[in-house]
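The structure appears right after this line, and notes come after that.
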Amino acid sequence: MRPRPVLRATASALSALALLSACGGSGGTATSSGHRPVVGVDYPRSDTDFWNAYIKYTPQYARQLGLSLRTTNSHDDVAKLAANVQTLILQGAKGIATAPQSTFAIAPILAQLQAAKIPVVTIDTRPDTGKVYMVVRADNRAYGEKACKYLGSKLGGKGKVVMLQGDLSSINSRDRTEGFDACMKADYPDVKVFAEATNWDGDVAAQRLQADLTAHPDIKGIYMQASFALSGTLHVLRQQGLLVGPKDRKHVFVVSNDGIPRELRDISGGSIDATVSQPVDLYAKYALYYLKAAIDGKTFKPGRTDHESTIVRVRDGILEDQLSAPLVTADGGTYGGVPSLKSTDRSLWGNNLG
């Protein structure tokens, strides 16, 4: 994405936010008619199983935490996000959770919300600049490292793999790429990595994987940075006659990211081999937990939490609660020193999404 047009597109919405700031937009504790704090959540998109799961979990946890919920959907459009934030404030939200997909473009929105004294929690992604009350995500560098350890182990430290990246304007894609590359360089230097930026677009991912397999038919591993690429990857492998079981010598080892139900079924069925399960249920829960804490005036420090995670200080003004995100495989084995859970494990949210 190109920053200048994006930021120009948000100008009118940000002007409205500035007016709210000048008028003292947050003023006191907001409650609904039932005396529940009002919070706003902007959904970033609704075109993937992962984000649809987040949309399902959010109202459930809002009820559990006694919050009155207002929601919008920005559809991966920062100008729409800026307008949605204005809408949520006008609806009485005294704290806002968002998941900006372009992490550099959120800065002007965060600045306006900070001026209005409205706390912000970001989930899944961390803004490149600006301050928020808390970031709720997992260690995305570790996602890449876990995928590297699995593929490096399965390939015996030699061969060729394709990394289907997301969008390098996103901190998530950058972190996963850096984690994967650093691990390969340190632990499996004889593995050749072909990195393909895809803008989180499944069609682009399939086209680039097709081109790589055509140019390098001896590719034996694929790392998808999210499940957006799953359908296209399986289609390409099927076309190439490579969608075969893990015991077949033609098998291409595939590691994904997300932990959606389909991934878990595909691991059990042998179509793919592993995933890293992002805790989307806990993203929803702790985004709201921290919004409520912010409204109540609570503060947090780096260290272990009471929910088996670690809060780290990323930089001045940014604390990040790094939730657990396990490697998932068919056998629950240990790969390159990394333990995994079986794909049938009932503790995985992807096995409990009814």
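The values are calculated or read from the model by the stated rules, or taken from the named source; none is laboratory data. Computed from a prediction, not measured in an experiment: that's the story for all the values here. Note that each Cβ is placed from the backbone with ideal geometry, even for glycine, and that neighbours are counted across all protein chains shown. For the accessible areas, the whole protein counts, side chains as well, though only heavy atoms, and no ligand, DNA or RNA atoms are used. Shrake-Rupley method; radii C 1.70, N 1.55, O 1.52, S 1.80 Å.
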Carbon-plus-sulfur fraction of the accessible area of the chain, 1.4 Å probe, in percent? 50 percent
Dipole of the chain, positive direction: furthest Cα of T122, T299, Y143, with charges on the beta-carbon: T299
Checking understanding here: applying a Kyte-Doolittle mean of at least -0.5 and a length along the axis of at least 15 Å (C-alpha), which whole DSSP H helices in the chain pass? 11-22, 78-90, 202-215, 280-295
Using the Cβ atoms and a cut-off under 13 Å, what net charge is assigned to the surroundings of R36, where Lys and Arg are +1 and Asp and Glu are -1? +3
List H235, H35, H307, ordered by accessible area with a 1.4 Å probe, largest first: H35, H235, H307
Residues of type lysines that K298 reaches as a straight line, Cα spacing below 16 Å, ignoring anything fewer than 8 places off in the same chain: K94, K117
Theoretical FRET efficiency, 1/(1+(r/R0)^6), r = Cβ-Cβ of E196 and D331, R0 25 Å, to 0.05: 0.30
Give me the distance in nm between label points sitting 7 Å out from Cα along the Cα-to-Cβ direction at D203 and T310, one decimal. 4.2 nm
To the nearest 0.05, how large is the calculated FRET efficiency for T344 and A215 if R₀ is 30 Å and r is the Cβ-Cβ distance? 0.20
Ellipticity estimate at 222 nm from DSSP helix runs (n ≥ 4, -39,500 (n - 2.57)) divided over the chain, nearest 500: -12000 deg cm²/dmol
Whole-Å semi-axes of the ellipsoid equivalent to segment 226-331 (Cα gyration tensor, √5λ, descending): 38, 13, 12
Filter on K56/K301; K160/K247; K146/K250; K56/K220; K154/K250; K192/K342 - keep pairs with C-alpha separation over 25 Å: K56/K301; K56/K220; K192/K342
Quick one: the Cα spread of the chain along its three principal axes, in angstroms, biggest first? 66, 42, 35
As a test, work out the antiparallel percent of DSSP beta bridges whose residues both lie in the chain, rounded to the nearest 5. 25 percent
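Out of the trypsin sites (Lys or Arg not before Pro) in segment 228-288, which ones are loop residues according to DSSP with at most 16 other C-beta atoms within 10 Å? Can you show the working numbers first?
Values: sites: R238, K247, R249, K250, R262, R265, K285; in loops: K247, R249, K250.
Answer by residue number: K247, R249, K250.
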